[in-house]
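Novice: Pasting a structure below so you can have a look.
Throughout, read-outs are computed from the coordinates displayed, never taken from laboratory work. The structure presented is a predicted model; accordingly, all values stated were derived computationally and were not measured. Cβ coordinates were reconstructed from backbone atoms using ideal geometry, including for glycine residues, and neighbour counts include every protein chain displayed.
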Protein chains: 2
Amino acid sequence: MPEAKLSSSLEDYLECVYNRINLNGVVKAIEISKDLNVSRASVTEALNKLAQKEYINYGRYEMISITEAGIKKAREIINKHNVIQSFFEDVLGVSSSEAANTACQIEHIITENILEKLSNFNKFCSSEPDFINRFKNN
Amino acid sequence: MPEAKLSSSLEDYLECVYNRINLNGVVKAIEISKDLNVSRASVTEALNKLAQKEYINYGRYEMISITEAGIKKAREIINKHNVIQSFFEDVLGVSSSEAANTACQIEHIITENILEKLSNFNKFCSSEPDFINRFKNN
DNA sequence: TTAAAATGTTAGTCTTGCATAACAAATTTA
DNA sequence: TAAATTTGTTATGCAAGACTAACATTTTAA
């Protein structure tokens with residue numbers, strides 16, 4: 001039974017593991033350290049914590065794999081990220097990089113309820129391009 | 001010359017000092033500890049840091065006052081809070097308490113640029129109540 | 001005006017998350 | 001395949017931010 005709560009930092013590591021595995025089928029600690037701009041030692045430490053919480057499978061010098069619970073959790077985080085980024089980018093008209101950077105932080109904070117409302121709002125706005133255009137020219 | 005950067009935590013303390021002083025003219029450490037749900041010891045520590053950064057005036061057993069730089073900074077934080085809360089509450093229709101709690105965290109993260117766009121968006125939406133009503137009944 | 005209560009401070013500890021340096025293992029390449 | 005390089009781990013330390021317990025000061029009230 002994986003423990004539910006992850007810190008922002010551990011969520012970032014899990015998200016990175018998921019993305020890398022999705023992309024390449026595997027992930028190495030050094031890639032994580034580059035993606036997240038942290039030392040290899042910090043990655044080892046974080047991976048041990050994620051394994052202890054049963055979000056990944058991992059042991060000394062072993063290949064990293066992600067559990068079902070890890071996949072579920074990672075997808076939740078990534079979904080949050082995407083909804084937030086889309087709001088900033090597509091509704092407010094913020095640049096892609098600024099939208100992404102801010103979304104990276106807010107994804108760890110926003111509640112499920114607000115997320116759902118925001119997601120609906122994004123959809124509603126994209127069904128009303130006229131409104132968004134008037135806002136942008138305003 | 002006050003140092004610019006404050007951690008999320010110190011921003012919370014400064015915001016609390018500002019609000020209490022605005023409300024009552026004075027603020028006591030114990031009130032801060034109750035508002036922020038931390039120990040009196042943590043308050044002492046935070047106040048020393050804020051004083052060292054010249055956002056407040058403070059010394060051992062002395063009355064707490066806020067500097068000009070502190071007022072400016074606090075108002076920026078509170079403005080961020082209000083814009084974010086208003087978006088959640090008035091645009092998305094989130095409850096006041098959930099909007100406030102989430103805004104409390106996002107206020108430490110959001111960039112000036114996104115804030116400005118969000119603020120404009122709030123204004124634009126309030127000038128188009130029909131759009132918001134259609135979203136809410138959707 | 002003291003004794004009790006409330007408030008504030010200090011000292012020491014814990015946790016998280018990061019770092020560097022030294023060492024271990026695995027991989028690459030000459 | 002042996003040496004060099006890369007990658008991973010461990011040990012250790014630091015900083016922020018919180019805590020509790022003990023002590024100091026201030027305030028309240030008997």
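Novice: Does anyone have the angle between helix B:68-86 and the longest principal axis of chain B? Alpha-carbon axes, 0 to 90°, nearest 10?
Specialist: So the helix axis and the longest Cα principal axis differ by about 30 degrees.
Novice: Efficiency by 1/(1 + (r/R0)^6): what FRET value for B:Asn138 and B:Glu112, r their Cβ-Cβ distance, R0 = 30 Å, to the nearest 0.05?
Specialist: Calculated value: 0.40.
Novice: Run the helix sum for chain A: -39,500 (n - 2.57) per DSSP H stretch of 4+ residues, divided by residue count, reported at 222 nm to the nearest 500 deg cm²/dmol.
Specialist: Mean residue ellipticity, 222 nm, calculated: -21000 deg cm²/dmol.
Novice: Also, I was wondering about something else. Report, for B:Leu36, each distance to the same residue's label point in the other copies, shortest first and in nm; define the point 7 Å along Cα→Cβ.
Specialist: So the label point of B:Leu36 gives 2.7 nm to the other copies.
Novice: Still on this structure, I have one more. What are the label-to-label distances in nm, one decimal and shortest first, from A:Pro129 to the same spot in the other copies, with labels 7 Å along Cα to Cβ?
Specialist: 3.0
Novice: At 4 °C and 1.567 mPa s, grab the translational diffusion coefficient of segment B:8-66 from Stokes-Einstein with a Kirkwood Rh over Cα pairs, rounded to a whole number in µm² per second. Could the numbers behind the result be given before it?
Specialist: Numbers: Rh = 11.0 Å.
Answer from the Stokes-Einstein relation: 117 µm²/s.
Novice: Another question about this same structure. For Cα pairs less than 8 Å apart in space and 6+ apart in sequence, what is the mean separation divided by the residue count of chain A, i.e. the relative contact order in percent?
Specialist: Working: 127 pairs, mean separation 27.1, N = 138.
Reported relative contact order: 20 percent.
Novice: Per residue and in Å³, how big is the convex hull formed by the alpha-carbon atoms of segment A:61-124? Kindly include the intermediate steps, with their values, before the conclusion.
Specialist: Values: hull volume 6.8 nm³, N = 64.
That works out to 106 Å³ per residue.
Novice: While we're looking at this one, here's another question. Going 7 Å from Cα along the Cα-Cβ axis for the label, what nanometre distances separate B:Arg75 from the same residue across the other copies?
Specialist: 4.9
Novice: To continue, here is another question. Is the shape of the protein assembly as shown rounded, prolate or oblate, going by the alpha carbon gyration tensor and its root eigenvalues a ≥ b ≥ c, with a/c under 1.5 for rounded and a/b larger than b/c for prolate?
Specialist: On the way: a/c = 2.17, a/b = 1.15, b/c = 1.88.
Taking the square roots of the gyration eigenvalues as a ≥ b ≥ c, the protein assembly as shown is oblate.
Novice: Loop-only chymotrypsin sites (Phe, Trp or Tyr not before Pro) in segment A:23-79, please: DSSP not H, G, I, E or B, and at most 16 other Cβ atoms within 10 Å.
Specialist: Those that pass, being in a loop and sparsely packed, are A:Tyr61.
Novice: First check a/c for segment B:1-117, with a ≥ b ≥ c the square roots of the eigenvalues of its C-alpha gyration tensor; if it is under 1.5, answer rounded, and if not, answer prolate when a/b is larger than b/c or oblate otherwise.
Specialist: Prolate, because a/c is 1.5 or more and a/b exceeds b/c.
Novice: Using alpha carbon centroids, what distance separates segment A:41-79 and segment B:95-132, in Å?
Specialist: 34
Novice: So, one more: Please tell me the relative contact order of segment A:8-66 in percent, rounded to the nearest whole number, where contacts are Cα pairs under 8 Å and at least six residues apart.
Specialist: Answer for segment A:8-66 is 33 percent.
Novice: Among A:Lys5/A:Lys117; A:Lys34/B:Lys117; A:Lys72/A:Lys123; A:Lys49/A:Lys72; A:Lys5/B:Lys53; A:Lys117/B:Lys117, which pairs are too far apart, with a Cα-Cα distance over 28 Å?
Specialist: Pairs exceeding the cut-off: A:Lys34/B:Lys117; A:Lys5/B:Lys53.
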